[in-house]
């Protein structure tokens with residue numbers, strides 16, 4: 001459950017107790033996640049999953065986030081808690097392939113390939129027909 005502690009670090013501490021929790025509005029929950037976790041909480045557009053520190057969030061976190069909030073003194077509906085977490089993660093959306101390609105585009109160590117000479121350059125062919 002050490003992973004769950006990571007998520008808990010982004011949760012606001014409720015003013016209530018487990019027996020008598022305070023109501024937490026989804027908008028406030030999303031804002032608290034963004035404030036406390038910042039860019040550590042992201043949404044991967046390729047896998048369609050939220051991540052913390054680059055690691056996919058287990059499904060049970062989304063399913064039981066409202067229970068975890070209850071343990072720290074908050075009351076929120078299951079769907080509202082899940083939606084707030086996804087909303088906050090989507091504020092830092094990224095697509096890993098697009099991110100990689102954008103990195104290549106600005107990396108001075110990456111040399112552009114001559115598309116008219118791919119076969120002769122990379123496959124060692126000498127027949128110009130292979131470069132056509």
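A few comments on the model shown:
- Residue 120 fulfils the conditions (1) surrounded by 15 or more Cβ atoms within 10 Å (Cβ to Cβ); (2) within 30 Å of residue 23 (Cβ to Cβ) except for a single criterion, (2).
- Residues that are in a helix (DSSP H, G or I) and surrounded by 14 or more Cβ atoms within 10 Å (Cβ to Cβ), drawn from segment 37-63: 37, 40, 61, 62
- In segment 77-132, the qualifying residues are those that are touching a strand residue (DSSP E or B) at 6+ places or on another chain (Cβ under 7 Å) and not in a helix (DSSP H, G or I), and the one that is nearest to residue 43 (Cα to Cα) is 93.
- Summed over segment 64-76, residues that are surrounded by 12 or more Cβ atoms within 10 Å (Cβ to Cβ) and assigned to a helix (DSSP H, G or I) total 7.
- Residue match in segment 92-104 (condition: surrounded by 15 or more Cβ atoms within 10 Å (Cβ to Cβ), touching a helix residue (DSSP H, G or I) at 6+ places or on another chain (Cβ under 8 Å) and touching a residue at least 24 places away in the same chain (Cβ under 8 Å)): yes
- Residue in segment 20-35 that is loosely packed, with under 13 Cβ neighbours inside 10 Å and part of a helix (DSSP H, G or I) present: yes
- Enumeration of residues in segment 7-20 that are touching a strand residue (DSSP E or B) at 6+ places or on another chain (Cβ under 6 Å) and either within 20 Å of residue 62 (Cβ to Cβ) or at pLDDT 90 or above (or both): 14
- Residue within segment 55-68 that is in contact with a strand residue (DSSP E or B) (Cβ under 7 Å, 6 or more places away or on another chain) and touching a residue at least 12 places away in the same chain (Cβ under 8 Å) present: yes
The values are calculated or read from the model by the stated rules, or taken from the named source; none is laboratory data. This is a predicted model, so every value here is computed, not measured. Note that each Cβ is placed from the backbone with ideal geometry, even for glycine, and that neighbours are counted across all protein chains shown.
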